[in-house]
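Chemist: Here it is, the structure in full.
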Amino acid sequence: MPYISPEQLQSQYDVIVVGSGAAGGQTAYTLAMEGVKVLMLEAGRYYDPQSETPMFQDHSRAPLRGASTPDKFFGFYDATVDGGWKIEGEPYTLASKDPARRFEWWRARMMGGRTNHWGRISLRNGPYDFKPYSRDGLGFDWPLNYEDLAEYYDRVEMLIGVYGSNEGLENTPNSSPGVLLPPPKARAGEQYTRKHAKKLGLPVIPIHRAVLSVRQDSKTIPARLHPNNPRAQRILAKSMDERAACFWATNCVRGCSTRANYQSTTVHLPPALASGNLDILPDAMAREVLMDDAGKAQGVRFIDRRRNRELEVRARVVVLAASACESVRVLLNSRSPRYPSGVANSSGRVGKYIMDTVGGRLGGQIPALEGLPLHNEDGAGGGHVYVPWWLYQEQHAGKLDFARGYHVEFQTGRHLPAAPMFDGLEWLTGGSYGKRFKEDVRRYYGSFVGFAGRGEMIPNEDSFCDLDPVVKDKWGVPVLRFHWKWSEHELKQAQHMERTFADLISALGGRLTRQPSKDGAAAIEAPGSIIHEVGGAIMGSDRRKSVTNQWCQTWDVPNLFLTDGAPFCSNADKNPTLTIMALAWRAADYMLEEMRKGNL
Amino acid sequence: MAGTAALMVTERAALAQGEARPAARGYGSDPDLVRSYQPGELWPLSFNDHQRRTATALCDVIIPGEGSVPSAGDLKVQDFIDEWISAPYPAQAADRPRILGGLEWIDGESQRRFQRGFVELSLAQKTAICDDICRVAPADSPLHEPSHFFRRFRDLTASGFFTTPEGARDAGYVGNVPLATFDGPPPEVLRRLGLE
C-alpha cells in the first residue's frame with residue numbers, strides 16, 4: 001500500500017487518519033505496524049524530503065538572499081510548503097480587531113505537515129504538568145498521570161531519535177536508561193552563558209532535540225518497540241539503518257534529506273508504508289465526519305483538491321490528527337439536524353480552551369564573544385542547551401506574581417549568513433563603512449546572543465474558536481473564527497522573561513540590543529506566533545466538561561478519536577510535539593486493544 | 001550646505017514612490033528550493049544603467065576589495081539590491097523609494113560639490129560625501145533622509161556581500177561543511193572565555 005490517487009481508494013479501511021504530521025504519523029505508524037489497514041488523508045501535496053530539501057545551499061542562491069517574505073515567513077529555505085499564517089483561499093476570521101485579541105493561525109499544507117520544519121525540541125511534560133489544577137487551582141488536571149505516559153515518551157524517543165541528557169531536575173523527567181542519544185557539546189556562547197548563569201541560579205543543561213547525534217541502535221530498539229512482532233522489527237530496523245547521523249550542517253528548519261532528524265515524512269511514514277498496511281492520499285482535505293444512524297462514525301467526507309470535488313471514504317474508526325484547530329473545525333463542520341453543533345460536542349466544549357505558548361525574547365551583544373578564533377559552530381542545526389523552569393520553589397512560596405513557568409532557549413554563535421545580516425550595526429560601529437566596516441563585521445559577528453522564553457498559558461474562557469457564521473473557504477466550507485485573551489498570568493510571565501534575560505545579558509557583561517518592554521502586554525509575543533496551539537477538544541474525566549477521555553476517544557462517539565494537540569487540557573512550557581506523539585501512540589495502543597476485543 | 005539637495009531628495013523619493021511599478025508576483029508558497037536563482041529571474045529589476053553604476057560604485061565604497069577578496073560590486077551585490085527594491089513584497093517595497101531617491105541624491109550631491117557624477121568621483125571625493133551621511137542625522141538636519149538612505153544601503157550591501165561564499169568566509173564563517181563529529185569550541189576559544 002503506497003501513496004495513492006482517489007481512484008485507488010479501497011471501499012473500506014479499518015482506520016482513517018486525517019493528517020500526516022506528528023499526530024497522524026505516529027497514529028498511522030503504530031496501527032499499521034500492528035497490521036491494521038489504515039488510510040491517511042493529507043490536505044497538502046506529496047512531499048519528498050530526499051529530493052526537495054535544500055541541503056548546503058547558501059543564501060546567495062536564494063531569492064532576496066533567503067529573507068522572510070509573506071510567501072515564506074521563516075525564510076526561503078524553510079521546509080514549509082503552501083503554509084503560513086495566511087493561505088490563499090483558506091481564510092479564518094478574528095472576532096476582535098484589538099491587536100491583543102488577534103490569534104494568528106499557522107498551517108502547513110504538505111505531507112508531514114509542520115514536522116518538516118519544526119525546531120525538533122522534544123521536552124517531556126513532568127508530573128506537575130499533568131496535575132496543574134491540583135497544584136494551583138487554575139485550569140484543569142489531565143485524566144492521566146506522568147507515569148501513564150512515561151513509557152510512551154520512552155518509546156517515541158527511541159523511535160524518532162532524541163539527543164539529550166538526564167539531569168534529574170524538578171519536574172524535568174529523566175528518560176529510561178539507553179533511550180536518549182548523546183547531546184552535542186555546547187557551543188562557545190552556550191558554555192559562556194552556562195558559567196555566568198550560575199550566578200543567577202539558572203541551570204543551563206543539554207536540550208532534548210529530535211536529531212540523530214549518532215546513528216540509532218537498530219539491533220535492540222526495534223525489539224523493545226515491537227515485542228512479539230518480528231515483521232515490524234525487521235521493517236523498523238531497515239528504516240533506522242537508512243537514516244544517517246547528523247553531519248553537523250544545514251539548519252533543521254529546512255528538513256533533512258539524510259533523515260538525520262525527525263520529520264513524519266522521513267521517520268513515521270516510510271516504515272508504516274513498508275508494512276503494506278498504509279494508504280496515503282495527498283491533496284485530500286477532510287470536510288466532515290460521516291455518522292451512521294447508530295451514532296457512530298462511519299467515514300470521512302473530503303475534498304479532492306486537485307479535481308475540486310467531494311468524495312467519501314469508510315472505516316471502522318476515524319482519527320482526527322489534522323492539528324488542534326483543524327480537527328476542531330472538522331468536528332464543528334460535521335453538522336446535521338441530529339448534531340446541530342457538530343459531532344462529539346454534547347459538552348458544548350468543542351473549540352473551547354485554545355492555548356498557545358507564552359513567548360518573550362531579548363538579545364544582547366557580548367564583548368567577551370567578540371572576535372573569537374574561527375571555528376565551526378553549526379552544530380545540530382538548533383540549540384544544544386536550554387534552561388528548564390527553575391523557580392518551582394519560589395513560586396510555591398508565593399514569591400512570583402504569576403502561575404506556571406517557562407524555559408529558555410538560546411541563540412548564539414556564527415551561523416550561515418542570511419538576509420538580513422548585520423543590519424543596524426551603527427550603534428556599535430559609529431557608522432563605519434569601507435575596510436573598517438568589514439573589520440567591525442568580523443569583530444561583532446558571533447558576539448550576539450538571543451534568549452527566547454517559552455512558557456505555559458493557562459486555558460481560559462475567552463480563548464476559543466467557533467465557526468464563522470458567514471465566511472467560507474474556496475470550497476464552500478465554513479471557516480474558524482478565533483477569540484483570544486491573555487490573562488494576567490501570561491502577561492506577567494512575559495515581563496518576567498524579559499527581566500531575567502536582561503539580568504542574564506548583564507551577567508555576561510553584555511549590552512541589550514533593545515530596551516526591555518514597558519509592560520507584559522508589550523513583552524508577550526503575538527497570540528499564535530509560537531505555533532504551539534493546542535486544546536479545543538480537551539480531555540477530562542467528566543464527559544459533561546470535556547470532549548475526550550484519557551485515550552483521546554470522544555465521549556460521544558466511541559469510534560472517533562483526536563490524537564493531535566486538541567485534547568490537551570493544559571499547555572506546559574514544554575514544546576507540545578513530543579507529548580502529542582506519546583499520547584497518539586498510547587491512544588493507538590488503546591484502539592488496537594479495543595479492536596481486538598471487538599469494541600471498535 | 002546640502003539644503004537644496006535634501007529638498008530634492010524628498011521630491012524625487014515621492015516621484016519614485018509614485019512610479020508605475022511593474023506588476024509582479026512573488027515566488028509563491030511552493031517554490032523549488034533546490035535550484036539557484038538569479039536577480040531578475042522572478043520579477044523585473046528596476047535600475048537603469050546609470051542607477052546600476054551608481055549603486056555599484058557605492059557598494060564598492062562600503063565594501064571594497066581587499067587582497068584576494070572581491071568587492072561588493074565585484075560580487076554583483078548591486079543586482080541583489082535591485083532585486084530587493086523591485087520585489088513584490090511589502091517589506092522590500094518599503095525600501096524602494098529610499099534607495100532610488102538616495103541614489104539620485106548622492107549623484108546630485110556629487111554634481112553640486114564636484115561637478116561630476118558619483119561614479120566619476122575619486123575615492124577621496126566619494127568618501128567626503130559618505131562621511132557626511134554615514135551616521136544617522138537628526139530629524140531636523142537636511143542630511144536626515146540621505147543618512148537613512150546610507151544606513152539602509154549599507155545594510156543591504158552587507159546582506160548581499162556576506163551571504164556569498166566569499167563574503168561569508170571573509171566575515172569568519174567556516175561552517176556549512178559536513179563533519180563526522182561535532183567537537184565543540186577548540187581549546188583556544190575556551191581559554192579565551194575562561195572556560196577551561
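The values are calculated or read from the model by the stated rules, or taken from the named source; none is laboratory data. All values reported here derive from a predicted model rather than from experimental measurement. No Cβ is skipped: glycine too gets one built from the backbone with ideal geometry, and neighbour counts run over all protein chains shown. Keep in mind that these areas ignore ligands, DNA and RNA; they rest on the heavy atoms of the full protein, side chains included. Shrake-Rupley method; radii C 1.70, N 1.55, O 1.52, S 1.80 Å.
Chemist: Name the residue farthest towards the positive end of the dipole of the protein assembly as shown from the options A:MET240, A:ALA452, A:MET55, assuming +1 on Cβ of Lys and Arg, -1 on Cβ of Asp and Glu, about the Cα centre.
Modeler: Highest projection toward the positive end goes to A:MET240.
Chemist: Roughly how large is the B-A contact in terms of buried accessible area, totalled over both chains, probe 1.4 Å, nearest 100 Å²? Provide the component values of the computation, followed by the final result.
Modeler: Working: alone 11650 and 23350 Å², together 28920 Å².
Interface between B and A: roughly 6100 Å².
Chemist: While we're here: Kirkwood Rh, the protein assembly as shown, all Cα pairs: how many Å?
Modeler: Working: mean 1/r = 0.0358 Å⁻¹.
The answer is 27.9 Å.
Chemist: Count, for each residue of A:71-83, the Cβ atoms from other chains sitting within 10 Å of its Cβ, then give me the mean as a whole number.
Modeler: Values: counts 9, 7, 1, 0, 0, 4, 2, 1, 1, 2, 4, 3, 2.
Other-chain Cβ atoms within 10 Å of each residue's Cβ, averaged: 3.
Chemist: Among the lysines, which have Cα under 30 Å from the Cα of A:LYS238 when same-chain residues fewer than 8 positions away are ignored?
Modeler: Answer for A:LYS238, where 30 Å is the Cα cut-off: A:LYS37, A:LYS185, A:LYS219, listed by chain and number.
Chemist: Within the set of other residues whose C-beta is less than 10 Å from the C-beta of A:ALA315, count the net charge using Lys and Arg as +1 and Asp and Glu as -1. Please list the in-between numbers first.
Modeler: Values: positive: A:LYS37, A:ARG314, A:ARG316; negative: A:ASP14.
With Lys, Arg at +1 and Asp, Glu at -1, the neighbours total +2.
Chemist: Same structure, new question: Could you give the dipole magnitude of the stretch A:403-524 about its Cα centre, charging the beta-carbon of Lys and Arg +1 and that of Asp and Glu -1, in debye to the nearest 20?
Modeler: On the way: 17 positive and 16 negative charges, 146 e Å.
The calculated dipole for the stretch A:403-524 is roughly 700 debye.
Chemist: Among B:ASN176, A:PRO230, A:LEU123, whose Cα sits farthest toward the positive end of the charge dipole of the protein assembly as shown (+1 at Cβ of Lys/Arg, -1 at Cβ of Asp/Glu, about the Cα centre)?
Modeler: Farthest along the dipole direction, towards plus: A:PRO230.
Chemist: Same structure again: Got a number for carbon plus sulfur as a percent of the stretch A:167-316's accessible area, 1.4 Å probe? If you can, show how the numbers build up before the last one.
Modeler: Details: 2830 of 5800 Å².
Carbon and sulfur: 49 percent of the exposed surface of the stretch A:167-316.
Chemist: Per DSSP helix of 4 or more residues, -39500 (n - 2.57); summed, then divided by the residues of chain B. What does that give at 222 nm, rounded to the nearest 500?
Modeler: Result for chain B: -16500 deg cm²/dmol, rounded to the nearest 500.
Chemist: Same structure again: With θ set to phi - 60°, apply the Karplus curve 6.51 cos²θ - 1.76 cosθ + 1.60 along the stretch A:576-586 and write out the HN-Hα couplings as whole Hz, x wherever there is a Gly or Pro.
Modeler: Working through the residues one at a time gives x, 4, 4, 5, 4, 5, 5, 5, 5, 5, 5 Hz.
Chemist: Now for a separate question. Please list, or write none, the lysines whose alpha carbon is within less than 19 Å of the alpha carbon of B:LYS76, excluding same-chain residues fewer than 8 places away.
Modeler: Once the sequence-local lysines are set aside, what remains near B:LYS76 is A:LYS435, A:LYS438.
Chemist: Taking the Cα-to-Cβ direction at A:ARG442 and at A:GLU170 and moving 7 Å from each Cα, how far apart do the two end points lie in nm?
Modeler: It works out to 4.9 nm between the two label points.
Chemist: How large is the accessible surface of A:VAL267 in square angstrom, using a 1.4 angstrom probe and rounding to the nearest 10?
Modeler: The accessible area of A:VAL267 comes to roughly 10 Å².
Chemist: Efficiency by 1/(1 + (r/R0)^6): what FRET value for B:LEU190 and A:LYS198, r their Cβ-Cβ distance, R0 = 22 Å, to the nearest 0.05?
Modeler: Values: r = 17 Å, r/R0 = 0.75.
Computed FRET efficiency for B:LEU190 and A:LYS198: 0.85.
Chemist: On to the next question. Given a cut-off of under 8 Å on Cα pairs at least six residues apart, what relative contact order in percent is computed for the stretch A:107-192? Each step should come with its number before you reach the end.
Modeler: On the way: 69 pairs, mean separation 20.0, N = 86.
Relative contact order of the stretch A:107-192: 23 percent.
Chemist: Give me the lysines in straight-line cross-link reach of A:LYS574: C-alpha distance below 18 Å, same-chain residues under 8 apart excluded.
Modeler: Counting by Cα, and skipping residues close in sequence, A:LYS574 has these lysines nearby: A:LYS131.
Chemist: If we sort B:112-123, B:80-91, A:152-163 on the protection proxy, mean other Cβ atoms within 10 Å, highest first, what's the order?
Modeler: Working: B:112-123: 15.0, B:80-91: 21.3, A:152-163: 25.5.
The densest-packed peptide leads the list: A:152-163, B:80-91, B:112-123.
Chemist: Which net charge results when you count Lys and Arg as +1 and Asp and Glu as -1 among the other residues whose beta-carbon is under 10 Å from that of A:VAL15?
Modeler: Result for the neighbourhood of A:VAL15: +1.
Chemist: Can I ask one more? Give a residue-ordered list of calculated ³J(HN,Hα) values for the stretch A:203-210 (Karplus: 6.51 cos²θ - 1.76 cosθ + 1.60, θ = phi - 60°; whole Hz; x for Gly, Pro).
Modeler: Whole-Hz 3J(HN,Hα) from phi for the stretch A:203-210: x, 9, 10, x, 7, 9, 9, 7.
Chemist: Compute from the Cα atoms of the stretch A:94-174 the Rg and the Dmax, the latter being the longest Cα-Cα distance, and quote both in angstrom.
Modeler: 17.1, 45
Chemist: Using alpha-carbon pairs under 8 Å, 6+ residues apart, how would you state the relative contact order of chain A in percent?
Modeler: Values: 1400 pairs, mean separation 138.2, N = 600.
Rounded, it is 23 percent for chain A.
Chemist: Looking only at the stretch A:525-550, which residues have a backbone nitrogen under 17 Å from a spot 7 Å from the Cα of A:ASP462 in the C-beta direction?
Modeler: Flagged as within label range: A:525-528.
Chemist: Now a separate question. Treating the beta-carbon of each Lys and Arg as +1 and of each Asp and Glu as -1, no other charges, what is the dipole magnitude of chain A about its Cα centre, to the nearest 20 debye? Don't skip to the answer; put the middle values down first.
Modeler: Values: 73 positive and 68 negative charges, 163 e Å.
The dipole magnitude comes to about 780 debye.
Chemist: If you count, for every residue in A:410-422, the Cβ atoms of partner chains within 10 Å of its Cβ, what is the mean?
Modeler: Numbers: counts 0, 0, 0, 2, 6, 3, 5, 12, 4, 10, 6, 11, 8.
Rounded to a whole number, the mean comes out at 5.
Chemist: Restricting to chain A, compute how many DSSP beta bridges are antiparallel as a %, nearest 5. Mind showing how you got there, number by number?
Modeler: Details: 46 of 69 bridges.
Once the DSSP bridges in chain A are tallied, antiparallel ones form about 65 percent.
Chemist: Each label point is 7 Å from the Cα along the Cα-to-Cβ direction; what then is the distance between the points at B:GLU41 and A:VAL470, in nm?
Modeler: So the two model labels end up 4.4 nm from each other.
Chemist: Along Cα→Cβ, 7 Å out, is where each label goes; now give me the distance between the ones at A:LEU311 and A:ASP542 in nm to one decimal.
Modeler: About 4.4 nm, to one decimal.
Chemist: Moving on to the next point. Please compute, for peptide B:144-153, the average count of beta-carbon atoms on other protein chains lying within 10 Å of each residue's beta-carbon.
Modeler: Details: counts 0, 0, 0, 2, 0, 0, 3, 5, 2, 1.
Shielding by partners across B:144-153 averages 1.
Chemist: In degrees from 0 to 90, rounded to the nearest 10, what is the angle of the helix A:488-507 Cα long axis to the longest principal axis of chain A?
Modeler: Long axis of A:488-507 versus the principal axis of chain A: about 30 degrees.
Chemist: Follow-up question, since we're still on this one. Non-local amide H neighbours of A:MET291 (under 5 Å, H modeled in plane, Pro and chain starts lacking H): which ones?
Modeler: So A:MET291 has HN proximity to A:GLN298.
Chemist: Here's another thing I want to ask about it. In debye, nearest 20, what is the charge dipole magnitude of the stretch A:452-600 about its Cα centre with +1 on Lys and Arg Cβ and -1 on Asp and Glu Cβ, if you could check? It would help to have the intermediate numbers written out before the result.
Modeler: On the way: 17 positive and 20 negative charges, 35 e Å.
I would put it at about 160 debye.
Chemist: So if I take the alpha carbon set of the stretch A:1-145, get Rg, then get Rh from the Kirkwood formula, what is the Rg over Rh ratio?
Modeler: 1.04
Chemist: Roughly how many Å² is the accessible area per residue of the stretch A:13-153, as a whole number, for a 1.4 Å probe?
Modeler: On the way: 4450 Å² over 141 residues.
Ligands and nucleic acids excluded, the figure is 32 Å² per residue.
Chemist: Next up: Per-residue HN-Hα couplings for the stretch A:421-436, Karplus 6.51 cos²θ - 1.76 cosθ + 1.60 at θ = phi - 60°, whole Hz, x for Gly and Pro?
Modeler: 10, 6, 5, x, 6, 4, 5, 9, 9, x, x, 5, 8, x, 4, 5
Chemist: Residues of the stretch A:163-191 losing 30 Å² or more of accessible area relative to the isolated chain, 1.4 Å probe, heavy atoms only?
Modeler: Going by heavy-atom accessible area, the residues of the stretch A:163-191 that drop by at least 30 Å² are A:LYS185, A:ALA188, A:GLN191.
Chemist: So what's the net charge close to A:ASP129: Lys and Arg +1, Asp and Glu -1, counting the other residues with Cβ under 10 Å from its Cβ?
Modeler: Working: positive: A:ARG124, A:LYS131, A:ARG135, A:ARG404, A:LYS574; negative: A:GLU456, A:ASP573.
Every neighbour counted, the sum reads +3.
Chemist: Between A:HIS396 and A:TRP85, what is the FRET efficiency for a Förster distance of 30 Å, r being their Cβ-Cβ separation, to the nearest 0.05? Could the numbers behind the result be given before it?
Modeler: Values: r = 38 Å, r/R0 = 1.25.
Here the calculated transfer efficiency is 0.20.
Chemist: Okay, next question. Any idea how far the Cα center of the stretch A:1-75 sits from the one of the stretch A:281-295, in Å?
Modeler: First find each Cα centre; the distance between them is then 20 Å.
Chemist: Another question, if that's okay. Which residue, A:MET497, B:GLY28, A:SER175, has the largest displacement toward the positive end of the dipole of the protein assembly as shown when charges sit on each Cβ (Lys, Arg +1; Asp, Glu -1)?
Modeler: Towards the positive end, the residue furthest out is A:SER175.
Chemist: Here's another thing I want to ask about it. Okay, helix-only estimate at 222 nm for chain A: each DSSP H run of n ≥ 4 adds -39500 (n - 2.57), divide by all residues, round to 500 deg cm²/dmol; what do you get? Can you show the working numbers first?
Modeler: On the way: 16 runs with 148 residues, N = 600.
Rounded to the nearest 500, it is -7000 deg cm²/dmol.
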